[in-house]
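Report on the structure given below.
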Amino acid sequence: MSLFSSSKRRQFEKVAMPFYKSLFQAAYRLTRQREWAEDLLQETMVRAYERFELFKPGTNCKGWLLTILTRCYLNDLDKGRRRPLTTSFDAVGPESRLWDFAAPEDSTNPVSIVMNQVIDHQIEAALDSLTEDFRVAVLLVDVEEISYQEAADALEIPIGTVRSRVFRGRMQIRQALVRELQDTELS
Amino acid sequence: MTMKCSDVQELLAPYADGVLVDDEQRRAEEHISRCEGCRLRVEAQQGIATALRSLKRSQRSEAPSEQVLREIRAQWNRLDARPRRQFRLQFASVAALLLVCVFGVVWARLAVDRSFPASLILDNYKQVSTQPLQPDYPTTDPANGAKWLRSRLHAPVPPVNLSLVNAHLVGVSVVMLHGTQAGQMFFHTPAGMAAVYVVPGKTALRSLSAAQMDGNHFYALTNVGQPGLYAWSYNGMGFGVADNVASEAEACAVAAQRSTSMP
């Protein structure tokens with residue numbers, strides 16, 4: 001290994017490798033398949049190392065890695081190499097009706113009531129039931145907690161579209177959870 | 001101006017997250033302060049966002065297999081090795097290019113025809129000697145004649161003085177011999193006319209017969225009853241003396257060679 005390479009390797013290990021595990025978890029959340037997530041992680045880490053000169057020190061390295069990860073994931077989807085597992089969540093309505101969400105009816109405590117009663121796997125199922133565009137946008141912004149702009153860069157779409165997808169995705173999740181709760185109470 | 005709910009739709013998620021600034025923040029605030037529906041939507045957004053963030057924190061800790069990291073490091077090693085391979089390839093390319101250049105230069109030098117045009121000179125002499133002599137630059141001064149030829153041939157043509165053999169310059173000319181430029185110096189001799197030819201760059205004389213006279217080396221092209229030519233090379237130029245009388249050509253050649261090689 002040359003002096004330049006060893007210096008680059010040290011720097012990369014120091015700056016990027018701390019996110020290795022959380023990057024895998026992000027890949028797992030995106031793909032919902034362990035094998036695919038591992039492949040995605042590998043491709044991301046190799047690409048990131050290859051282009052490490054493009055990373056600006058002091059900026060958000062995790063966001064940069066997630067951008068690469070997301071592009072690798074979308075690339076896999078585009079090429080039809082793999083398909084994400086789909087989850088059926090009957091409570092979610094068609095995308096075209098999303099803006100017609102009624103505002104929460106009980107304004108005194110509309111969200112906390114719902115949220116306190118649902119468990120993690122229901123949220124996960126509601127998230128997984130979103131259409132792929134909305135699911136990825138919500139995952140990046142809410143779960144991975146990268147900025148709207150970073151998500152826009154990763155998805156190569158305008159920031160306004162990311163904002164809109166996150167809004168609609170969250171409303172779909174809320175609607176799915178409310179209906180799930182109502183069904184549970186009825187039964 | 002009153003904004004509709006759909007006008008601020010894309011601002012509600014970032015507003016709920018508290019990441020809007022300036023004009024967008026003001027627009028969202030203004031609308032939400034007057035729209036109960038959107039205020040509730042913002043609350044819903046905040047609740048879902050909070051749940052999603054907590055989802056991440058409460059999830060079981062998954063880790064990739066160790067084989068993945070081993071494979072990643074192996075690929076890094078391959079990437080690190082690539083610049084060295086590229087460097088070696090570039091070095092080999094440059095070396096090959098240099099070799100081609102050197103070979104090209106050598107080949108070009110070898111390929112240039114440096115052979116002295118002895119036969120053409122004799123043919124030219126036969127033609128000139130049968131006609132009234134009309135040199136381009138009539139002069140009796142060898143230094144002037146040489147100077148005139150230097151300016152035409154762009155070569156260091158030396159003065160040629162044949163007074164030792166009673167030959168006197170009458171003028172100089174430039175002639176093309178099948179595409180090769182040559183200088184001519186015409187001399188009156190006791191037996192008639194001799195011509196000294198100067199051909200820059202044509203110094204290969206080995207196709208002619210070697211001869212030695214009074215310690216001087218020559219290459220000769222002679223036939224009985226025909227004009228003779230005695231040639232030699234000096235300072236990157238080929239010289240030849242042509243004369244109808246072979247013995248006179250010999251004598252002139254000796255005198256000319258001594259004359260041209262004098263400092």
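The values are calculated or read from the model by the stated rules, or taken from the named source; none is laboratory data. All of these numbers come straight from a predicted model, not from anything done at the bench. Here the Cβ positions follow ideal geometry from the backbone for every residue, glycine too, while neighbour counts run over all protein chains shown.
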- Task: Go through the residues of region A:52-64 one by one and say whether even a single one is within 11 Å of another protein chain (Cβ to nearest Cβ) and modelled with pLDDT of 90 or more.
- Result: yes
- Message: Could you tell me how many of the residues in region A:158-169 are in contact with a Leu (Cβ under 8 Å, 6 or more places away or on another chain) and within 14 Å of A:LEU130 (Cα to Cα)?
- Response: 3
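Residues that are outside the structural domain of B:VAL172 (by TED's automatic domain parsing) and surrounded by 14 or more Cβ atoms within 10 Å (Cβ to Cβ): does region B:80-89 have at least one? Break it down stepwise before answering.
At the first step, the residues of region B:80-89 found to be outside the structural domain of B:VAL172 (by TED's automatic domain parsing) are B:80-89.
Still in the running and surrounded by 14 or more Cβ atoms within 10 Å (Cβ to Cβ): B:80.
Yes, because at least one residue in region B:80-89 is outside the structural domain of B:VAL172 (by TED's automatic domain parsing) and surrounded by 14 or more Cβ atoms within 10 Å (Cβ to Cβ).
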- Query: Could you say whether any residue in region B:242-261 is assigned to a strand (DSSP E or B) and small (Gly, Ala, Ser)?
  - Reply: yes
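Does A:PHE12 satisfy the condition of being surrounded by fewer than 18 Cβ atoms within 10 Å (Cβ to Cβ), hydrophobic (A, V, I, L, M, F, W, C), over 30 Å from B:CYS35 (Cα atoms) and at pLDDT 90 or above?
Numbers: surrounded by fewer than 18 Cβ atoms within 10 Å (Cβ to Cβ): yes; hydrophobic (A, V, I, L, M, F, W, C): yes; over 30 Å from B:CYS35 (Cα atoms): yes; at pLDDT 90 or above: yes.
Yes; evaluated as a whole, the condition is true for this residue.
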- Item | The lone exception for A:THR31 - which of (1) more than 9 Å from every other protein chain (Cβ to nearest Cβ); (2) without any contact (Cβ under 8 Å) to a residue 24 or more places away in the chain it fails | (2)
- Message: Based on this model, can you work out whether B:MET193 counts as more than 30 Å from the chain's Cα centre (by Cα) and modelled with pLDDT of 95 or more?
- Response: no
- Contact list, first residue from region A:146-161 and surrounded by 16 or more Cβ atoms within 10 Å (Cβ to Cβ), second anywhere and hydroxyl-bearing (Ser, Thr, Tyr), beta-carbon distance below 7 Å, six or more apart or interchain, is A:GLU150/A:THR67; A:ASP153/A:THR67; A:ALA154/A:THR67; A:ALA154/A:THR70; A:LEU155/A:THR70; A:ILE159/A:TYR148
- Note on the structure: Residues in region B:60-71 that are modelled with pLDDT under 85 and more than 7 Å from every other protein chain (Cβ to nearest Cβ) total 2
- Item | Subset of region A:121-143 that is modelled with pLDDT of 90 or more and in a loop (DSSP other than H, G, I, E, B) - its residue that is surrounded by the most Cβ atoms within 10 Å (Cβ to Cβ) | A:LEU130
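Looking only at region A:141-175, count how many residues are among the basic types (Lys, Arg) and facing chain B (nearest Cβ under 8 Å). Explain how you work it out, then say what you get.
Our first condition is that a residue be among the basic types (Lys, Arg); within region A:141-175, this holds for A:163, A:165, A:168, A:170, A:174.
Imposing the further condition that a residue be facing chain B (nearest Cβ under 8 Å) reduces the set to A:163, A:170, A:174.
Total meeting the criteria: 3.
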- Task: Return only the number of the condition from (1) surrounded by 22 or more Cβ atoms within 10 Å (Cβ to Cβ); (2) farther than 14 Å from B:TYR125 by Cβ; (3) touching a residue at least 40 places away in the same chain (Cβ under 8 Å) that B:GLU250 does not satisfy.
- Result: (3)
- Among the residues of region A:126-140, is there at least one that is at the interface with chain B (Cβ under 9 Å from one of its Cβ atoms) and under 21 Å from B:GLN25 (Cβ atoms)? no
- Message: Given the condition away from every other protein chain (no Cβ under 12 Å), in a helix (DSSP H, G or I), among the small types (Gly, Ala, Ser) and farther than 30 Å from A:TRP36 by Cα, answer yes or no: does some residue in region B:13-32 qualify?
- Response: no
- Query: For region B:107-220, which strands (runs of 3 or more DSSP E) that fit wholly inside it have 2 or more residues that are buried (at least 16 other Cβ atoms within 10 Å of the Cβ) and not aromatic (Phe, Trp, Tyr)?
  - Reply: B:168-177, B:180-189, B:192-200
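Looking at this structure, is B:GLN75 out of contact with any Leu (no Cβ under 8 Å at 6 or more places or on another chain), surrounded by 10 or more Cβ atoms within 10 Å (Cβ to Cβ) and either outside any helix (DSSP H, G or I) or more than 8 Å from every other protein chain (Cβ to nearest Cβ) (or both)? Spell out how you get there, then give the answer.
On the way: out of contact with any Leu (no Cβ under 8 Å at 6 or more places or on another chain): yes; surrounded by 10 or more Cβ atoms within 10 Å (Cβ to Cβ): yes; either outside any helix (DSSP H, G or I) or more than 8 Å from every other protein chain (Cβ to nearest Cβ) (or both): no.
Judged against the criteria, B:GLN75 is not a match.
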